[in-house]
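These notes concern the structure reproduced below.
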Amino acid sequence: QAKSDGRNTVRFFDPSMQQSIQARTQMETELRHAIQKNEFILHYQPKVDIDGNILGYEALIRWQHPEKGLLLPGEFISYAEDSGLIIEIGTWVIHKACLQLAQWSTVEKTRHLTLAVNINEQQIARDDFVEIISQALEQTLCPPHRLQLEITESLLMKEMEQNIDKINQLKEKGVTFAIDDFGTGYSSLNYLKKLPIDWLKIDRSFVSDMLHDRHDEAIVKTILALSNTLHLTTIAEGVETPAQAEHLIELGCPILQGYLFSEPKPIEELDI
Ligand code: C2E
Ligand code: MG
Ligand code: MG
Ligand code: MG
């Protein structure tokens with residue numbers, strides 16, 4: 001809103017707005033440096049079956065900031081999206097994840113492990129999305145069927161036909177797809193049925209309240225039933241307590257993920 005300061009001049013920005021613009025510009029510059037200086041790292045959080053066996057991991061990005069310490073995605077991803085740098089960062093994540101999978105595949109003890117990577121909507125929207133993934137797979141000699149891509153419902157609803165086409169091209173190579181944060185978007189059944197996906201991840205918000213709120217419990221049951229009908233595999237995210245895990249297992253959820261089993265950790269700290 002334009003403000004007059006009483007001297008015939010008009011200020012279009014109030015100081016707090018100006019500050020946030022400065023912060024944004026500063027953050028973009030730092031993100032550019034971070035890419036060049038290789039300041040991003042991946043942490044890994046296990047996905048376990050009902051017997052507690054580790055089936056694989058989800059890769060979650062962190063930024064080892066020279067002054068601010070370890071930053072979580074919530075502190076920088078939105079800046080990366082606004083500036084378009086998410087494309088470069090996302091390509092780095094995919095490459096790094098494929099390298100890790102390739103390395104695991106050379107060792108008997110780890111060759112069964114899968115690795116999930118979160119994909120941003122700007123990434124899948126690009127014409128070269130399939131190519132970027134394919135190249136990472138080929139360059140690293142990564143076994144494609146060990147790579148899972150996690151995408152959100154809202155992302156899929158845009159440009160649905162194109163997205164389905166891209167997903168199918170990658171599925172032909174063996175890559176699998178999960179819908180992340182499921183239940184928080186607006187998927188209709190009809191729409192879900194058309195998607196060539198393999199996994200549904202129940203959003204953390206339902207898991208965290210399911211023992212106290214019967215609506216959340218009902219939603220969890222509904223997602224499990226839906227998964228069954230559509231021949232998808234369900235993963236519960238954000239499992240923090242043994243009581244939640246027991247109840248999810250009772251309801252038939254085959255794969256669990258959350259702090260109860262482990263927080264996301266750097267590769268050296270995984271016990272594999
Ligand atoms: P997400 O994919 O839904 O990942 C799950 C988030 O929940 C992670 O937060 C994880 O650390 C956290 N979490 C896991 N278990 C628990 C639990 O038991 N309790 C609680 N309270 N939280 C739990 P994180 O690592 O901060 O990531 C947040 C979001 O940032 C991710 O949500 C994903 O959407 C995005 N993200 C992370 N890494 C990447 C990436 O490499 N690329 C892109 N595009 N997005 C990423
Ligand atoms: Mg995810
Ligand atoms: Mg999620
Ligand atoms: Mg999320």
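Quick rundown of the values:
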{"item": "Tally, over the stretch 179-236, of residues that are more than 21 Å from G258 (Cα to Cα), more than 17 Å from the chain's Cα centre (by Cα) and not in a helix (DSSP H, G or I)", "result": "7"}
{"item": "From Q148, Q123, residue being closer than 19 Å to K96 by Cβ, in contact (Cβ under 8 Å) with a residue 60 or more places away in the chain, within 16 Å of ligand 2 (Cβ to nearest atom) and not aliphatic (A, V, I, L, M)", "result": "Q148"}
{"item": "Given (1) away from ligand 2 (no atom under 16 Å from the Cβ); (2) of a type in the set (F, W, Y); (3) touching a strand residue (DSSP E or B) at 6+ places or on another chain (Cβ under 8 Å), number of the condition Y186 does not satisfy", "result": "(3)"}
{"item": "Residue ID - modelled with the lowest pLDDT, chosen from residues in the stretch 80-116 that are under 16 Å from R32 (Cα atoms), open to solvent by less than 60 Å² (accessible area, probe 1.4 Å) and assigned to a helix (DSSP H, G or I)", "result": "S83"}
{"item": "Residues within the stretch 213-227 that are touching a Ser or Thr at 6+ places or on another chain (Cβ under 8 Å) and either more than 15 Å from ligand 3 (Cβ to nearest atom) or more than 17 Å from G238 (Cβ to Cβ) (or both), tallied", "result": "3"}
{"item": "Criterion violated by L71 - all others in (1) without any contact (Cβ under 8 Å) to a residue 24 or more places away in the chain; (2) buried (at least 16 other Cβ atoms within 10 Å of the Cβ); (3) farther than 23 Å from K265 by Cβ satisfied", "result": "(3)"}
{"item": "Boolean, L189 is at pLDDT below 95 and more than 16 Å from ligand 1 (Cβ to nearest atom)", "result": "yes"}
{"item": "Selection count, the stretch 190-212, where residues are open to solvent by 10 Å² or more (accessible area, probe 1.4 Å) and within 16 Å of ligand 3 (Cβ to nearest atom)", "result": "9"}
{"item": "Failed item in (1) of a type in the set (A, V, I, L, M); (2) more than 16 Å from the chain's Cα centre (by Cα); (3) within 16 Å of ligand 3 (Cβ to nearest atom), with A102 passing the rest", "result": "(3)"}
{"item": "Filter result for the condition that a residue is closer than 24 Å to L115 by Cα, outside any helix (DSSP H, G or I), open to solvent by 50 Å² or more (accessible area, probe 1.4 Å) and away from ligand 2 (no atom under 16 Å from the Cβ), over E172, E240", "result": "E240"}
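Listed here are the residues, each with its yes/no results for (1) touching a Lys or Arg at 6+ places or on another chain (Cβ under 7 Å); (2) open to solvent by less than 80 Å² (accessible area, probe 1.4 Å); (3) more than 15 Å from L71 (Cα to Cα).
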| residue | (1), (2), (3) |
| --- | --- |
| P15 | no, no, yes |
| A23 | no, yes, yes |
| M27 | no, yes, no |
| L31 | no, yes, no |
| Q36 | no, no, yes |
| H43 | yes, yes, no |
| K47 | no, yes, yes |
| G52 | no, yes, yes |
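The values are calculated or read from the model by the stated rules, or taken from the named source; none is laboratory data. Predicted, not measured: the structure shown is a model, and the values here were computed from it. Cβ atoms come from the backbone with ideal geometry, glycine included; neighbour counts cover every protein chain shown. Side chains are part of the model used for accessible areas, which takes the heavy atoms of the whole protein and leaves out ligands, DNA and RNA. Shrake-Rupley method; radii C 1.70, N 1.55, O 1.52, S 1.80 Å.
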